[in-house]
Each structure stands twice: as C-alpha cells, then as structure tokens.
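Visitor: The structure follows.
Computed from the coordinates by the stated procedures, all read-outs in this text should not be read as laboratory data. Just so it is clear, the model here is predicted, and its values are computed rather than measured. Note that each Cβ is placed from the backbone with ideal geometry, even for glycine, and that neighbours are counted across all protein chains shown.
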Amino acid sequence: MKFFIDTADLDEIREAESWGILSGVTTNPSLYAKIGGKLADFEGHMAKICELVGPDVPVSAESTAETTEDMIAEGRRLAAIAPNIVVKLPICEESLPATHQLAQEGIRVNMTLIFSATQAMLAARAGARYVSPFVGRFDDLGDTGVEHLMEITTCIKNYDWGWWADEGGCEIISASIRGPQHVVQAGLMGADIVTVPFGALKKCVHHVMTDRGLELFAADWEKVKAGA
Ligand code: E4P
C-alpha cells in the first residue's frame, strides 16, 4: 500500500518525505485555507510542493470550477504547473465530462468526494486515474466508513477500466483518514493508497508498547553502563 500525505503544509510534507515513505500528496481547498493560503499564491504553492517531492510523486491540486468548460480549462492550467500535478475534481455531472476530456489529453484526474460505489465506478469509467472514497466523514455521521470503502474497493478491483493501463489503471485513494485503525482497515481490504493527515501518520509510527519497551531498554542500558 502506498502512503500519501493529506496536507498543503510544506513542513509536514518535508518531514514525511524524510521518512522515506511518501508516494504522493493530496490537497484540497480546506487544507490550503488551513495553512493561510492566498488565492494569488495557489498555483505557486502547488509548484513548491511539486518541486519538494520531485517529479515522480503525484500531487493532487483541486479545482474549484463549477462548469465542465471551466473545469477543463482549470485542469489544463493546473496540469501545466508541473508534470506530477494530478487534477482533483469532485464527482458531479459537470466533472465526469471534464475528467473524460482531460484523460484523453493525458491529464490525470483524482476524483474526490466519493461516497458510493456507483460514483467510483462512473469516475473510473470516465477516465479518472484515481478515485478518493472518504472514510472518516461516514464515521462522523455514525455510519461505518470502512464498509463503504470495502464496497468501493471490490467494485473498482473487479474490472479493468480501460484507462491508464501503463500506470496500473484506476487506483483507490482511501481518504478522510482519521487514525491508524483506518489505515489498517484500508490495508486489509487491499486499497492501493491511503492519504493520511500528518497527525494521524505520526500516530501510525507509535505504539504504547514500543514507548514502554524503549524506556525499559534505556533503563537497562544505564545499568550496563554503570557496571562497566
Ligand atoms: C481527500 O483527498 C481529502 O483531502 C481528505 O481526505 C478530506 O478528508 P477530511 O474528512 O479529513 O476533510
């Protein structure tokens, strides 16, 4: 399973990259607003992320256009920022034809705000390179996000969607991840990718027994040193 980081924060991306685990970056308008991003700096900031992670690491930049024509135009503009830009479009009637057109031009689309298997299959059929089912937002409603992820994963993996064959076809990015348990559940069902906020990614590194074990080793090593 590949790990993406779900953030627009350059320091967080830099640190996750230093761990040697980073295969991609996803951003969205809320994450850009969270770092105090300004409209005029948006494309420049996406360029900085692309440069930071290097040309082989996909970086999703989300379009906020509302019509098919505007999505195509914005998608082309975003894709021109760097070769690793993936245009993120929310699933809707307007974005399906935009995805189809961009895919024909060789521009990769990450179709986001996916909450059902039908949305995911339509996105894949239209030519999306990635589909992003949201897990945590189901849990926020008292529903069970991983059950929906399971349904979506099964439907996507049942077929060859006919696009992006040289890159392995349409991949599932498990999104809206709240913590390590979501990461494990995504792994158990064979999701291709998880995009994880930095805080949750850090939690994935730690375990209370590891911390306890480290303390014990350190204390015993002090004994060894004292006896030397
Ligand atoms: C997907 O790429 C989104 O950026 C993301 O995972 C949204 O999740 P949230 O529910 O934490 O906002």
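Visitor: Specify which residue in the list Val87, Ala73, Ala103 is farthest towards the positive end of the charge dipole of the range 1-159, using unit charges on the beta carbon of Lys, Arg (+1) and Asp, Glu (-1), about the Cα centre.
Guide: Ala103
Visitor: Next question, about the same structure. Dividing the convex hull volume of the Cα atoms of the range 144-228 by its residue count, what figure in Å³ per residue is obtained?
Guide: Working: hull volume 11.5 nm³, N = 85.
Dividing the Cα hull volume of the range 144-228 by its residues yields 136 Å³.
Visitor: When the C-alpha atoms of the range 86-228 are aligned to their principal axes, what extent does each axis show, in angstrom, from largest down?
Guide: Per principal axis, max minus min of the Cα coordinates gives 73, 36, 24 Å.
Visitor: Filter the chymotrypsin sites (Phe, Trp or Tyr not before Pro) in the range 11-86 down to the DSSP loop ones having no more than 13 other Cβ atoms within 10 Å, then list what survives. Numbers along the way, then the final one.
Guide: Numbers: sites: Trp19, Tyr32, Phe42; in loops: Trp19.
Answer in residue order: Trp19.
Visitor: Something else about it: Charges only on Cβ, +1 for Lys and Arg, -1 for Asp and Glu: so what's the dipole of the chain about the Cα centre, in debye to the nearest 20?
Guide: On the way: 19 positive and 32 negative charges, 91 e Å.
Charge dipole of the chain: 440 debye, to the nearest 20.
Visitor: In whole Å, what are the Cα extents of the range 5-87 along the three principal axes, biggest one first?
Guide: Each principal axis gives a Cα extent; for the range 5-87 these are 40, 26, 17 Å.
Visitor: Which order results if Glu147, Glu215, Glu43 are arranged by neighbouring Cβ count within 10 Å, fewest first?
Guide: Values: Glu147 13, Glu215 10, Glu43 16.
Ordered by Cβ neighbours within 10 Å, fewest first: Glu215, Glu147, Glu43.
Visitor: Next question, about the same structure. Treat the range 67-161 as a sphere of radius equal to its Kirkwood radius over Cα pairs and apply Stokes-Einstein at 4 °C in a medium of 1.567 mPa s; give the translational diffusion coefficient in µm²/s, rounded to a whole number. All intermediate terms of the calculation are to be shown ahead of the outcome.
Guide: On the way: Rh = 13.6 Å.
It comes out at roughly 95 µm²/s.
Visitor: If you average the sequence gap of Cα pairs under 8 Å that are 6 or more apart and divide by the length of the range 166-228, what percent do you get for the contact order? Walk me through the numbers before you get to the answer.
Guide: Numbers: 40 pairs, mean separation 19.2, N = 63.
Taking the mean separation of contacting Cα pairs over the length of the range 166-228, I get 31 percent.
Visitor: To continue, here is another question. What do you get for the angle between helix 208-227 and the principal long axis of the chain? Use alpha-carbon atoms, 0 to 90 degrees, nearest ten.
Guide: 30 degrees
Visitor: On a 0 to 90 degree scale, rounded to 10, what angle separates helix 117-126 from the longest Cα axis of the chain?
Guide: Approximately 60 degrees, to the nearest 10.
Visitor: Could you give the angle, 0 to 90 degrees to the nearest 10, between helix 145-157's Cα long axis and the longest principal axis of the Cα atoms of the chain?
Guide: 60 degrees
Visitor: Something else now. Taking the Cβ of each residue in Val86, Val224, Val196 as the centre, tally the other Cβ atoms inside 10 Å and list the residues starting with the fewest.
Guide: Details: Val86 24, Val224 8, Val196 28.
Least to most surrounded, the residues fall as Val224, Val86, Val196.
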